[in-house]
Amino acid sequence: MFQADQYRLIDFGEGRRLERFGALVLDRPCPAAESAARADPGAWAGADAHFERGPGQQGTWQCRGELPERWTITHGPLAFELKRTEFGHLGLFAEQAANWDWIAGQVAAAEPPRVLNLFAYTGAATLAAAAAGAQVVHVDAAGNIVAWARHNAELSGLADAPVRWITEDAMKFVKRERKRGAEYDAVILDPPSYGHGRRGEVWRLARDLPRLLATCGELTAGRRRFVLLSAHTPKFGPDKLRDVVLQSLGQTDPGRATAAELTLCDAAGRKLPSGAVVRWERSGDG
């Protein structure tokens with residue numbers, strides 16, 4: 001988890017969440033907090049910036065005073081540059097911190113694996129794996145996001161780590177890797193509910209996740225060490241996500257899958273639902 005001076009969920013409720021990222025306190029929309037009451041209403045007046053979504057997914061930030069356009073926070077040896085985007089995102093999902101720690105532990109447990117990270121965003125999972133010794137192939141459909149991830153690698157002292165940075169649609173990439181006979185020891189995925197590839201490819205998690213996972217199963221067959229899948233899609237809770245993983249990967253490697261909710265805890269100890277995760281890890285001597 002993050003050190004308190006790097007990240008903290010201060011409060012949530014009434015469809016919003018109040019968070020501290022480094023020195024800045026930000027107030028952003030949060031659908032998961034629609035039905036919750038705020039535990040500390042007075043804390044919200046201290047926000048440095050407030051994001052208001054427009055008719056679509058984009059919106060505007062209202063800032064109190066002059067704020068840095070970009071700033072950096074850390075998680076252990078990893079450093080991440082943040083910025084306020086027009087979608088209300090910052091370039092980091094704090095609920096994933098426990099997953100980065102789990103990835104690092106899996107990588108360090110045996111010979112350095114070859115890891116495929118799909119929908120890899122700004123690279124936190126890539127850097128967690130690389131810092132622990134893995135070779136990583138980092139895939140995201142947006143070139144500007146891949147550039148952001150590479151910058152995070154530089155900030156983290158991992159500019160020369162064995163990472164291949166790929167700007168490509170995830171499904172197209174894994175199909176091509178299968179035809180090439182590529183092999184991986186582990187796969188990390190954090191797919192959106194909906195998305196678009198570089199050339200207009202449409203991704204729908206409910207439709208496309210099983211066949212993507214099945215192809216990932218072929219790429220790791222006989223050598224699979226771990227798979228981590230996280231999602232923030234309604235109706236895809238931990239149990240359903242685990243079922244999809246087990247049905248799609250096949251029985252080529254002995255392993256077990258554990259599923260859980262992703263949550264963040266606020267200052268009052270309340271848990272904010274933040275998606276679901278499934279962690280598959282190898283078992284036995286196979």
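Any read-out appearing in this document is the output of simple, stated calculations on the displayed coordinates, not a laboratory observation. Here the structure is a predicted model, which is why all the values come from computation and not from measurement. Positions of Cβ are generated from backbone atoms using ideal geometry, with glycine treated the same way; all protein chains shown enter the neighbour counts.
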Looking only at aspartates and glutamates whose Cα falls under 20 Å of Lys235's and that sit 8 or more positions away or on another chain, we get Glu34, Glu95, Asp190, Asp208, Asp243, Glu261
Once normalised by the length of the range 7-83, the mean sequence separation of its alpha carbon contacts under 8 Å that are 6 or more apart gives a contact order in percent of 22
The chain, Gaussian network, Cα under 10 Å: of Asp253, Asp160, Asp208, the residue fluctuating most is Asp160
Of all trypsin sites (Lys or Arg not before Pro) in the range 37-143, the ones in DSSP coil with at most 16 other Cβ atoms within 10 Å are Arg64
Over the chain, the quotient of the Cα radius of gyration and 2.2 N^0.38 Å is 1.00
Output for the range 126-230: trypsin sites (Lys or Arg not before Pro) sitting in coil per DSSP, at most 10 other Cβ within 10 Å, listed by number, reads Arg199
In whole Hz, the Karplus estimates of ³J(HN,Hα) for the range 266-275 (6.51, -1.76, 1.60; θ = phi - 60°; x where Gly or Pro) are 8, 4, 8, x, 7, 9, 9, x, 9, x
What the Cα atoms of the range 163-286 span along the principal axes, largest first and in whole Å, is 51, 43, 28
Amide H contacts under 5 Å for Leu262, restricted to residues at least 5 apart in sequence or on another chain and with H modeled in the peptide plane, are Ser274, Gly275, Ala276, Val277
Sorted largest first, the C-alpha extents of the range 1-139 along its principal axes in whole angstrom are 50, 31, 29
Note on the chain: contact order normalised by length, alpha-carbon pairs under 8 Å, 6 or more apart, percent, works out to 13
Applied in sequence order to the range 209-221, the curve 6.51 cos²θ - 1.76 cosθ + 1.60 (Karplus, θ = phi - 60°) yields integer Hz couplings, x standing for Gly and Pro, of 4, x, 6, 5, 4, 4, 5, 4, x, 5, 5, 10, 4
Expected max-MSF residue from Thr60, Thr220, Thr122 in the GNM of the chain (alpha carbon, under 10 Å) is Thr60
Across Gly250, Gly13, Gly54, the residue with the highest GNM fluctuation in the chain (Cα network, 10 Å cutoff) is Gly54
The distance between the Cα centres of the range 121-156 and the range 247-280, in whole Å, is 22
For Lys83, counting only aspartates and glutamates whose alpha-carbon sits under 12 Å away and dropping same-chain residues fewer than eight positions off, the answer is Glu69
